[in-house]
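Each remark here refers to the structure printed beneath this line.
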Amino acid sequence: MKRTVLLMILLALPSAASAADPLLPPPRWSLEVKGGIIAPELADFEQYYGKSTMPAFAVSLAYKWLPQIALGIGAGMGSATGNARAVYHGTPAGRVTYELFPVNVFVVARGVVKEDQLLIPYVGAGWTRMYYRQTVQDQGKLSGSADGYHVRGGLQLSLNEMDRSASSSMYTTYGILRTSFFIEAERTRAVESSTSVDLGGMAYLAGLLFEF
């Protein structure tokens, strides 16, 4: 009987290690996938594009130096389509597409105080290079870039703590130790030197954070 119980315990150890974080090394890498909207600082943006915001998407990869501190790099895009107008009489002059491609290098600090924390607030900041492109129908393209900075803050919800069986399956199948849902606000400022135009804006995003 004792041998049978011991054998059952030994067979159960691999699955227990997959589900229980304390038995595993802490995650060092994290991948963010997020989307939402950005309200550009451009003057007359709503007049030309029909609304004050445009959809935005981004991904980032970060390395955790400490449980609370990570350094990473990310890239994103946003785009809007509207109507161009003639300079002198203001009549429609074709379709116009405006695109932004931010590249960010950042540090993020998370308020981690215990292993099984359900809600984790965080803040981040870093350097931004903002690439832009404007395409006017039958009139060509205008493109360039500007350097600046961004700051952000948000709140993440640990999905591991809400469903431990699913988190164990994620680790077994994909090697992902922790998964979180998050919402955040981000302000970017990147002024184009030749025109003094701020290519940044205020973004509101939501996404998933995978730690491995």
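The amide H of G200, built 1.01 Å from its N in the peptide plane, has E41, A190 as neighbours under 5 Å, considering only residues 5 or more places off or on other chains.
Among S194, S60, S52, what is the fewest-to-most ranking by other Cβ atoms within 10 Å?
S194, S52, S60
The label point for S145 and the one for A109, both projected 7 Å from the Cα toward the Cβ, are 2.9 nm apart.
Computed over neighbours whose Cβ is under 9 Å from that of L209, the net charge equals 0, Lys and Arg +1, Asp and Glu -1. Placing a label point 7 Å from the Cα of M162 along the Cα-to-Cβ direction, the residues of region 181-204 whose backbone N falls under 15 Å from that point are 181-184. In terms of other Cβ atoms within 10 Å, T195, T135 run from fewest to most in the order T195, T135. Listing W29, W65 from fewest to most neighbouring C-beta atoms within 10 Å gives W65, W29. With the simple spin-label model, which puts each label point 7 Å out from Cα in the Cβ direction, the F57 to L71 separation comes to 3.0 nm.
Quick note: the coordinates plus some simple rules give every number you see, no bench work behind them. None of these values were measured; they are calculated from a predicted model. Note that we place each Cβ from the backbone using ideal geometry, even for glycine, and neighbour counts take in every protein chain shown.
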